[in-house]
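All remarks here apply to the structure that follows.
The values are calculated or read from the model by the stated rules, or taken from the named source; none is laboratory data. Not measured: the values here are computed from a predicted model. All Cβ positions, glycine included, derive from the backbone under ideal geometry; neighbour counts span all protein chains shown.
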Amino acid sequence: MMKRSFVLMCLIALCGLLEPMRFARAAEPTANGTTEDARRVFDTVRSRIYQVRALTTSGDAVASSGSGFLVGENGLIATNWHVVDDYLLEPEHYRLEVRRHDNTRVPVHVIAIDSLNDLALLRIEGEALPPLPLPLQTEMPAKGGKGFAMGDPKGVGFTVVEGTFNGLAAQSMAGHLHFSGAINAGMSGGPTVDATGAVVGVNVARRTDADLMGFLVPAEHLAALIARAPKQARDNVALLEEARQGVLQGQARAAQHFMEGSAVSHHLGKVTLPAVSEEQFRCRGRSIRETEEGYATEGLQCNNDLSISVGRRHGAGTIGYDYQVVSNLSLDPFRFAKLVSTSLVSDKDDKGDRKIVGRYVCKTSFLRIPSATVRATLCVRPYLRFSGLKEAHLRFATVDSSDTAIVGDLILRGFTDDSIRRVTRRFMEGIEWKR
């Protein structure tokens, strides 16, 4: 884990003011001799938790909501960047407010963004409560240690969920903490605290294909954002530029991990594919034999876990790729060539909010790679609110064999032209085909 930067030490005085309250509360045993249970922790923290809401300016209807919590004097509130990004992207259509635990509603404004770590800081006027303390230690919470996630899931009311800390998530480029607890939609931006009430992380995500797998942004990233946050409000142009800088850092990191690879390559039959860091990409293989249709495929699909929100469910910094080796079992050359070419002419994913992304512009060409000739189509479209960032979709298929073909897809979301060139070249040139 990264060591906390020196600027975090500036928070010692602030956190020190709150230490007596923390340790006094932690010393109170429950009936079974343990430290604070969920009820006691929630009672201590709940007055400093908020529902963060984006409302339509015309109809005053809730368009989206998340959670937040008090982290600094003078009404400084932490939440996720993805909770407020739609508001910043379309301020003419939305306004931002928070709802307190007593149901009072107060307008807020955004003062700082860390899009790479999915964090944002808001300011609420006239809030006199003391903030939640951030821990002074830099080590990870003990694996199996008890934690309490809080927020307002789906607007049903402020909630506390007990779970356990399980260290940094493996195979994670985002650097999230793995928390075994039910972090549900709407709890994004809320705090997860330890038994003393100190913030360990910020609720950020959950696995939708598994039970009780939640993820937290480590508190050290929040402390760093607080330390560099300006005192005054800034306009949307400045805030979006700050968000763009985070995306630029994220895509550069993702591209570098792809380029560096690892000592282990992927193998599909006689085909060797470019190696990528097994710590940063999740890969899944598949094998299909369609005897009646006359062909068989061996496939590999990989994705990194970095996805920086750029509005309306669009992400950036994401790399996903798919290779298939198609073997001819009983097709004549014409039918086999048609089977392979179908993968190139099928509809590409051109879905997207036209306020966020433009339309694809495509170019098809024939390329020579080691041991094969390929027909490749590269489609690129821009991110309209984040200049210099684009989404690219590459599709290719080998064309010089009637027995075997390699078919591939590469999708890059939120990358610069330079990163797109480097990654697509590595994607193609790393193929080795032993015939």
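Below is a table of values for the structure above.
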| quantity | calculated |
| --- | --- |
| Any pair with Cβ under 8 angstrom, 6 or more apart, that starts in the range 402-423 at a residue that is on the phi > 0 side of the Ramachandran plot and outside any helix (DSSP H, G or I) and ends at one that is of a type in the set (Lys, Arg) and crowded, with 18+ Cβ neighbours inside 10 Å | 414/390 |
| Odd one out for residue 30, checked against (1) hydroxyl-bearing (Ser, Thr, Tyr); (2) modelled with pLDDT of 50 or more; (3) farther than 22 Å from residue 220 by Cα; (4) touching an Asp or Glu at 6+ places or on another chain (Cβ under 7 Å) | (2) |
| Cβ-Cβ under 9 Å pairs, at least 6 apart or on other chains, the range 350-361 side touching a residue at least 40 places away in the same chain (Cβ under 8 Å), far side in a strand (DSSP E or B) | 356/383; 357/381; 357/382; 357/383; 357/390; 357/391 |
| Near pairs, Cβ below 8 angstrom, 6+ apart or cross-chain, from the range 135-154 (outside the structural domain of residue 69 (by TED's automatic domain parsing) and surrounded by 13 or more Cβ atoms within 10 Å (Cβ to Cβ)) to any residue that is modelled with pLDDT of 80 or more and not charged (D, E, K, R) | none |
| Residue within the range 284-296 that is under 20 Å from residue 392 (Cα atoms), surrounded by fewer than 17 Cβ atoms within 10 Å (Cβ to Cβ) and of a type in the set (Lys, Arg) present | no |
| Every residue from the range 179-215 that is assigned to a strand (DSSP E or B) and under 16 Å from residue 306 (Cβ atoms) | 204, 205, 215 |
| Members of the range 375-390 found to be out of contact with any Leu (no Cβ under 7 Å at 6 or more places or on another chain) and part of a strand (DSSP E or B), listed by number | 379, 380, 381, 382, 390 |
| Lone unmet requirement of (1) crowded, with 21+ Cβ neighbours inside 10 Å; (2) over 19 Å from the mean Cα position of the chain (by Cα) for residue 236 | (1) |
| Residue list for the range 87-126, filter: on the phi < 0 side of the Ramachandran plot, buried (at least 19 other Cβ atoms within 10 Å of the Cβ) and not in a strand (DSSP E or B) | 87, 88, 89, 115, 116, 117 |
| Enumeration of residues in the range 348-372 that are at pLDDT 90 or above and among the hydroxyl-bearing types (Ser, Thr, Tyr) | 360, 364, 365 |
